[in-house]
Amino acid sequence: MRKVSGWYLFVLNAYWIGLSFMWNSLHVTILPAVLLNYVPATQKNTWLGLLTFFGLILAMIIQPLSGALSDRWSSRFGRRRPFVLLGTLGDIVFLAVLAFVGGLPWLFVGYIGLQITSNMAHGPMQGWMPDEVPAEQLGVASGIKTATDMFGIILSSLLMGFLITSSHANPTKSVLAIIGFLVLFAAVTLLGAREKPFKASQNRPQPLKGLWKETFNFKMEGDKNYWRLIFSRFLYLVGIYGFQSFAQYFIRDKFPDQNPIAFTQIVMGTFVVVLIIFSLLAGYMGDHYGRKRIHIISGFIGALGAVLLIFANTPTQLIAYGCFMGIGLGIFMSTNWAMANQMAPAAEAGKYMGLTNIATAGSAAVARLEGPMIDGFNNAAPGHWVGWTVLFAVSAVLMICSSLVMRKVPDTKMETVK
């Protein structure tokens, strides 16, 4: 496989900007703000956690299934592109439900439907990069992929504060902005990324038979290093999503003098800028010096940031301490994603990269269950906010455990799962 240009790596990853903008806007800003129109403030973390938990469980199932199906799909348009197109069209429908239909039941319908259609596209998208990028460029490509994810978050941080307010939040303008960016960046990838026509006979003759069994049937002994990588990803991201998911509510409680939506965007925007810088540095260093060592270091840096956040008493401290988590996450995301691409078998890239969502969506789902824990501790000692201390302590422990899991994963550049 020939080397590809930096511009083509961007085109291949552009769709992630739209997806990142959508999910960050929904999870960090829109859902926490809108949900307070319908639920008591003392139960806000519980309701937000449970609403998003069920959607993310669906994502865990749908994403690897759609990725595995795309591995076997026969189409003159390629095997990944049709799923991305159909999933995006479905996203528009359910985003319209969120924008124009009010009430808690319809909020639930729109969110759950969006998890289904978005993950139909998400799984095949993850298989597109190893289809097109040579192994020696996977580190840089993963760094760019992480950077596009983070650019979507920066866009969200810059715009959401102007499109939705914390008092009786109306999601219409913000959701219309999501639709616009999603369509724009989907068009860049769908029209610009190459994909050869694929015939099912090149891989498997029957694209649908036994899909469920095959997708979730693994050779645990042969795939054990891949599973260690996935488990490490799961642990680290539970620690990160615990902060990200409830950040707006954390700021409402601990920093009542700040505008919760606007200040959340400032905190997350700063976090992401740091993350982008270190993800690109880690991608370059991983290609040249190996990825395992810096992957392990990322867990300890992230844990330090989580511990420091327990003691954040001023807005400046919150931003500064959050940067440590940004550094750790940037290094982690770049190295972990490159190793996953490296280790995924070429013939089943969509399936294996879709399986990373067992860690990604699974960790996000588990982190949402921390919502009742936070409310329980906070309500047990009103005004002391013990729930937030417990949350960050748990995050630190999980990130250190993530690094320990990586000790037995090999750091051979060209090694793949057999």
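The values are calculated or read from the model by the stated rules, or taken from the named source; none is laboratory data. Only a predicted model underlies this, so the values are computations on that prediction, with no experimental measurement involved. Glycine also receives a Cβ, built like all others from the backbone with ideal geometry; neighbour counts cover every protein chain displayed.
Comparison of F271, F263, F278, F250 shows that the only residue that is in contact with a Cys (Cβ under 8 Å, 6 or more places away or on another chain), part of a helix (DSSP H, G or I) and crowded, with 19+ Cβ neighbours inside 10 Å is F271. Restricted to region 302-332, and to residues that are in contact with a Lys or Arg (Cβ under 9 Å, 6 or more places away or on another chain) and not in a helix (DSSP H, G or I), which residue is farthest from S403 (Cα to Cα)? If we take residues in region 302-332 being in contact with a Lys or Arg (Cβ under 9 Å, 6 or more places away or on another chain) and not in a helix (DSSP H, G or I), then N313 is farthest from S403 (Cα to Cα).
Is at least one residue of region 65-73 closer than 22 Å to Q244 by Cβ and surrounded by 20 or more Cβ atoms within 10 Å (Cβ to Cβ)? First the steps, then the outcome.
Step one: of region 65-73, the residues closer than 22 Å to Q244 by Cβ are none.
Within region 65-73, none of the residues are closer than 22 Å to Q244 by Cβ and surrounded by 20 or more Cβ atoms within 10 Å (Cβ to Cβ).
Any residue at all in region 128-136 that is modelled with pLDDT of 90 or more, part of a helix (DSSP H, G or I) and out of contact with any Asp or Glu (no Cβ under 6 Å at 6 or more places or on another chain)? No. Between R81, R72, the distinction of being farther than 25 Å from V140 by Cα, basic (K, R) and out of contact with any strand residue (DSSP E or B) (no Cβ under 7 Å at 6 or more places or on another chain) belongs to R72 only.
Just one of (1) in contact with a Lys or Arg (Cβ under 7 Å, 6 or more places away or on another chain); (2) within 26 Å of C323 (Cβ to Cβ) fails for D149. It is (1). For the structure I just gave you, tell me whether L114 is at pLDDT 95 or above, assigned to a helix (DSSP H, G or I), aliphatic (A, V, I, L, M) and surrounded by 22 or more Cβ atoms within 10 Å (Cβ to Cβ). Against the criterion (at pLDDT 95 or above, assigned to a helix (DSSP H, G or I), aliphatic (A, V, I, L, M) and surrounded by 22 or more Cβ atoms within 10 Å (Cβ to Cβ)), L114 qualifies. Can you find even one residue in region 138-152 that is of a type in the set (F, W, Y), within 18 Å of the chain's Cα centre (by Cα) and more than 15 Å from M22 (Cα to Cα)? No, region 138-152 contains no residue that is of a type in the set (F, W, Y), within 18 Å of the chain's Cα centre (by Cα) and more than 15 Å from M22 (Cα to Cα). Scanning region 31-53 finds no residues that are over 18 Å from I164 (Cβ atoms), in contact with a strand residue (DSSP E or B) (Cβ under 8 Å, 6 or more places away or on another chain) and not in a helix (DSSP H, G or I). The single condition among (1) modelled with pLDDT of 90 or more; (2) within 18 Å of R228 (Cβ to Cβ) that V409 does not satisfy is (1).
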